[in-house]
Amino acid sequence: PATPPPNKPTKKMLPHFQQLTTLLRQEMEYEQQRYNHQITNRHISGRLHEGGIHYPIAVGSDEYNALGQLVVTITYECDDEMLDNEFEPGHPASFFTLQQETAQRLPFTCYVERVDESMMLIRMPDKRSIATIRELSRNTLIGLQTDIDTTSYQVMFEALQQASSCDRPAFVEL
């Protein structure tokens, strides 16, 4: 006798997975909007001692790290209050300039490579981004701020996608 095709609960669960994905995307977008509103509508003076911002910074040398990724050294003044900050290796960050006491983010994301007391190595997307911050720093003061980290959202999206395409009923029911 022919064996029946495996029962795939994913077909009946697919609308549920789609709904969860939509809700997760809405949550992520809300968090991003809230974060962007917070950083663009607050004066720099109110954000300097919160730990996720250094202003002004100085741009130092650039080099390639052991993985062949482009990094740039930045230095900044650091007092005891700033030692407990949000800059951690792997965390996304962005450079900014000030316009009327409000941070104007530069259009690229970088990542914290290493943090010391008054120096950081920042992983940059390309040579052009380094040229941009060098040029800006010649004419105006620039800063560095942490960006919202969407890594956990990306992991959850991936898990939902894998669960929705899984053909093991016991796994999907979990």
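Here are some notes:
- Shown are H54, H37, H91, whose ranking by accessible area with a 1.4 Å probe and every protein chain present, most to least, is H37, H91, H54.
- Three-way shape label, the stretch 83-174, alpha-carbon gyration tensor, a/c 1.5: prolate
- Efficiency of FRET between N85 and D167 - r from beta-carbon atoms, R0 45 angstrom, step 0.05: 0.45
- Across the stretch 14-25, rounded Karplus estimates of 3J(HN,Hα) from the backbone phi angles (6.51 cos²θ - 1.76 cosθ + 1.60, θ = phi - 60°) give 3, x, 5, 5, 5, 5, 4, 5, 4, 5, 5, 4 Hz, Gly and Pro being marked x.
The values are calculated or read from the model by the stated rules, or taken from the named source; none is laboratory data. Fair warning: this is a prediction, and the values are worked out from it, not measured in the lab. A quick note on method: Cβ atoms are made from the backbone with ideal geometry, for glycine too, and the neighbour counts reach across all protein chains shown. Note: accessible area is taken over every heavy atom of the protein model, side chains too, but ligands, DNA and RNA are not part of it. Shrake-Rupley method; radii C 1.70, N 1.55, O 1.52, S 1.80 Å.
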